[in-house]
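Have a look at the structure below before the remarks.
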Amino acid sequence: MRRLSLAPQTIADTPPDRFVRIARAAGFDHVGLRTMTGDPATAIGPAAIADVATARTVRAILDGEGVAAVELEFVTLRPTTDIAACRAGLERGAMLGTSILVAASDDRDVARRNDAFAALAALAADHGHRLAIEFVPWCAVDTVARAADLARAAGHGAGILVDAIHLARGGGGASDIASLDPALLATFQICDAPALAPTDRAEIYAAARDERLDPGVGGLAIAAMLAALPPDSPISVEVPSLSRVSAIGATAHVGRVRAATLALLQP
């Protein structure tokens, strides 16, 4: 069976200790965690692991629950980003046992962007992490092709993270996954959404951040995307739904998300 991890955005207002326990109760034995929140020098919000003491506490809970942390979130590189500022977040990630650093870019200068990602990929590798570049429709790196080009230019084993909703909202689909060099695919992030995308950029952002649908119940071609993946590709489950968490609670929401995902993955 493919490795399934629970992404922290699924229940983003949940502190990391509770997040790990909720994931384990729902049947997840892998999770993603946050030591950075966009700006590498910051770790803001309930889900963030902002200091070494918290990282030690969460690592003890991971070990006690039998859960492994995989993805480390997240960095958005901008023209003024100090790559060296990522070091502390990566060090906390290493303490937690993560091995994939997720990063996006909002720098439209191609040469500067390539240099920044090469430096970040090298720093990540020094801390036992593979850089996974996430393309996002509202950022400078907004397509599979741009992310793949950037990963190849960065070197140090960098790959890409393909998020289903970002792929669809950027005009892509299963054929983009099928044509991708399998060695570049670090993680596939699964969710669903209505087939008809919002027309307003702010609405696209809000829907992707706060209100996704369980895999298989929306209008995205999720089954085709899954069929296009290499058979051993890991999957990160990222299905935030503030409305449903408010209605039934975080634990029940995560349980439903996992059940829907497994239903799609079963032959």
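What ratio of Cα Rg to 2.2 N^0.38 Å holds for segment 4-265?
On the way: Rg = 17.0 Å, N = 262, 2.2 N^0.38 = 18.3 Å.
Compactness ratio reported: 0.93.
Using amide H atoms built 1.01 Å from N in the peptide plane, name the residues 5+ places from residue 236, or on other chains, whose amide H lies under 5 Å from its own.
Amide H neighbours of residue 236: 5, 188, 189, 190.
At a Förster distance of 35 Å, what's the computed FRET efficiency of residue 122 paired with residue 264, Cβ-Cβ distance as r, to 0.05? Don't jump to the answer; show the numbers that get you there.
Values: r = 37 Å, r/R0 = 1.05.
Efficiency, rounded to the nearest 0.05: 0.45.
Between residue 202 and residue 246, what length comes free when the chain is fully extended (0.36 nm per residue of separation minus the Cα-Cα distance, one decimal in nm)? Spell out each step's value before the answer.
Details: separation 44, 0.36 × 44 = 15.84 nm, distance 2.22 nm.
That pair, residue 202 and residue 246, stretches by 13.6 nm at full extension.
Take peptides 259-265, 160-166, 45-51 and line them up by average Cβ neighbours within 10 Å, highest first, as a rough protection proxy.
Those peptides, ordered most packed to least, come out 160-166, 45-51, 259-265.
What does the helix-only formula give at 222 nm for the chain: each DSSP H stretch with n ≥ 4 adding -39500 (n - 2.57), the total divided by the residues, and the result rounded to the nearest 500 deg cm²/dmol? Mind showing how you got there, number by number?
Details: 11 runs with 115 residues, N = 267.
Dividing the helical sum by the residues of the chain leaves -13000 deg cm²/dmol.
Counting only the backbone N, which residues of segment 95-118 are under 13 Å from the spot 7 Å out from the Cα of residue 153 toward its beta-carbon?
Counting backbone N atoms under 13 Å from the label point, the list is 105-118.
If each Cα of segment 119-267 is one equal point scatterer, what is log10 of I(q)/I(0) from the Debye formula at q = 0.10, 0.16, 0.17, 0.18 Å⁻¹?
Log-scaled intensity ratios, in q order: -0.36, -0.89, -0.99, -1.09.
For labels at residue 227 and residue 41 in the simple 7 Å Cα→Cβ model, what's the distance in nm?
4.9
Coordinate-derived values only; no laboratory data. As the structure is a computational prediction, the values presented were derived from the model and not from experiment. For neighbour counting, all protein chains shown are included, and Cβ atoms are generated from backbone atoms with ideal geometry for every residue, glycine included.
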